[in-house]
């Protein structure tokens, strides 16, 4: 799949970009590859993020609270609060129930997404207490991670991000935005994540 700049995109995003996304399925692993190309003469500023969502619970006679997310390494990173206006607040809160585990429950996302900036892990596994492993995601190319669902939903989104929403302290200068990336003229940027059914 692809998207390339045109006269309409240039009105709102003044860069001559090309965005390609490729899906590669091999056995039980899906690789999602993002390619950004700068066709312009100027350095291009950009960011991107994924929004994959997964049914949860998956099997009959399960509850949402039967599921948890297990990270590959011990974690101490807090989640950053998302404000009602969508900005990232200055306050954080601890979220890990164990050194590398977050238990899912219907009210986990009452205050919006869980936003992580400095995780030790680059892999997370969705597990069921009743049926063991379900799936894992490897997001090593993405420095930020969001985890989200609507309250009382029957799904969970595990979202690898290159950047995040503006903070409440943002100066609104696109060049200074946290997580913004730059790409020189006629250069290419590639980032991938993998989803594996276990």
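The values are calculated or read from the model by the stated rules, or taken from the named source; none is laboratory data. Just so it is clear, the model here is predicted, and its values are computed rather than measured. Here Cβ is always computed from backbone atoms with ideal geometry, including for glycine, and neighbour counts include all displayed protein chains.
If you check residue 90 against the conditions, is it farther than 27 Å from residue 191 by Cβ and either within 16 Å of the chain's Cα centre (by Cα) or modelled with pLDDT under 95 (or both)? For residue 90, the condition - farther than 27 Å from residue 191 by Cβ and either within 16 Å of the chain's Cα centre (by Cα) or modelled with pLDDT under 95 (or both) - is met. Looking only at segment 172-186, decide whether some residue is assigned to a strand (DSSP E or B), at pLDDT 95 or above and crowded, with 20+ Cβ neighbours inside 10 Å. No, that holds for no residue. Looking at segment 124-166, which of the residues that are surrounded by fewer than 17 Cβ atoms within 10 Å (Cβ to Cβ) and touching a strand residue (DSSP E or B) at 6+ places or on another chain (Cβ under 6 Å) is nearest to residue 57 (Cα to Cα)? Of everything passing the filter in segment 124-166, 155 is nearest to residue 57 (Cα to Cα). Residue 27 meets all of the listed conditions (1) more than 23 Å from residue 181 (Cα to Cα); (2) surrounded by 15 or more Cβ atoms within 10 Å (Cβ to Cβ); (3) more than 18 Å from the chain's Cα centre (by Cα) but one, namely (2).
Yes or no, residue by residue, for (1) over 20 Å from residue 140 (Cα atoms); (2) part of a loop (DSSP other than H, G, I, E, B); (3) free of Cβ contacts under 8 Å to residues at least 24 places away in the same chain:
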site: 22; (1), (2), (3): no, no, yes
site: 42; (1), (2), (3): yes, yes, no
site: 51; (1), (2), (3): no, yes, no
site: 81; (1), (2), (3): yes, no, no
site: 110; (1), (2), (3): yes, yes, no
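Can you find a residue in segment 58-66 that is surrounded by 15 or more Cβ atoms within 10 Å (Cβ to Cβ), in a strand (DSSP E or B) and modelled with pLDDT of 95 or more? Checked against the condition, which is being surrounded by 15 or more Cβ atoms within 10 Å (Cβ to Cβ), in a strand (DSSP E or B) and modelled with pLDDT of 95 or more, segment 58-66 yields no hits at all. In the list 134, 124, 115, which residue meets the criterion of being assigned to a strand (DSSP E or B) and modelled with pLDDT under 95? When all the criteria are applied, what remains is 134. Within segment 145-171, the set of residues being in a strand (DSSP E or B) and under 27 Å from residue 2 (Cα atoms) comprises 145, 146, 147, 148, 156, 157, 158, 159, 160, 161. Of all the numbered requirements in (1) over 30 Å from residue 15 (Cβ atoms); (2) under 18 Å from the mean Cα position of the chain (by Cα), residue 119 misses one, and that requirement is (1).
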